[in-house]
1. Principal axis extents for the range 47-123, Cα atoms only, whole Å, descending order, please.
2. At 37 °C and 0.692 mPa s, what whole-number value in µm²/s does Stokes-Einstein give for the translational diffusion of the range 79-194, with Rh from the Kirkwood sum over Cα pairs?
3. Over the Cα atoms of the chain, compute the convex hull volume and normalise it per residue, giving Å³.
4. Expressed as a rounded percentage, what relative contact order does the range 70-195 have, with Cα pairs under 8 Å and six or more residues apart?
5. I want to check the label-to-label distance for residue 63 and residue 34. Put each point 7 Å from Cα in the C-beta direction and report it in nm to one decimal.
6. Please give the Cα centre distance for the range 1-34 versus the range 181-211, rounded to the nearest Å.
7. Fully extended, how many nm does the chain gain between residue 89 and residue 25 (0.36 nm per residue separation, minus their Cα-Cα distance)?
8. Measure out, as a whole number of angstrom, how far apart the alpha-carbon centroids of the range 99-175 and the range 56-75 sit.
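Since every read-out is calculated from the coordinates, none of them should be taken as a lab result. Computed from a predicted model, the values in this text were never measured in an experiment. Backbone-built Cβ (ideal geometry, glycine too); neighbour counts: all protein chains shown.
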């Protein structure tokens with residue numbers, strides 16, 4: 001049970017707290033208040049992320065912060081239906097620039113995923129979970145049309161495969177590629193012997209939720225973000 005804090009730069013928030021799912025609710029408000037005080041009196045608001053939040057948690061924290069964002073964790077069993085797409089592994093030496101372009105066009109609206117660059121890619125590739133084979137690339141008409149970047153959570157039992165980031169270039173929207181591209185990632189994970197897949201999606205992203213519902217995903221938990229802004 002932990003609360004960790006991170007100082008943020010180039011953000012609407014001065015800092016972000018992350019509260020683990022097993023943190024006792026009896027002391028939640030007092031512990032969060034202590035951590036906020038330790039961050040100092042900066043004028044910029046702070047953000048609080050509560051893992052596996054329940055409705056009662058909002059009442060516990062309402063005198064400290066206001067909920068403003070829900071991130072749903074969805075899960076489904078594997079295997080899934082075949083994707084029908086021919087994808088290939090990501091090649092960092094030749095695909096990076098095209099990946100940045102697709103990602104940043106697709107996620108121009110997103111507070112965390114937008115603005116992806118070489119430094120962020122280098123950080124990701126240095127992680128022990130990174131596997132270019134699980135970073136599936138779709139090429140159409142000679143260009144990168146989309147990608148499905150997966151992550152295997154070896155620290156969990158059983159191992160869970162995550163659809164980490166998935167995007168279709170806006171130039172290829174309307175071709176019905178979102179579902180098949182997700183299935184391509186699930187195919188790769190299933191081939192590695194993974195039997196459970198998850199992903200995270202914004203609770204207000206109705207088109208994505210409709211796609212994932214059709215693919216057999218259901219809500220497993222909710223991570224809720226709060227802001228101290230008044």
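1. Principal extents (largest minus smallest coordinate, Cα): 51, 34, 21 Å.
2. Value of D from the Cα-based Kirkwood radius: 226 µm²/s.
3. Per-residue hull volume (Cα only) is 138 Å³.
4. It comes to 31 percent, rounded to a whole number.
5. In this crude label model, residue 63 to residue 34 measures out at 1.7 nm.
6. The range 1-34 and the range 181-211 have Cα centres spaced 28 Å from each other.
7. Full extension from residue 89 to residue 25 adds 18.7 nm.
8. Taking the Cα centre of each part, the range 99-175 and the range 56-75 sit 27 Å apart.
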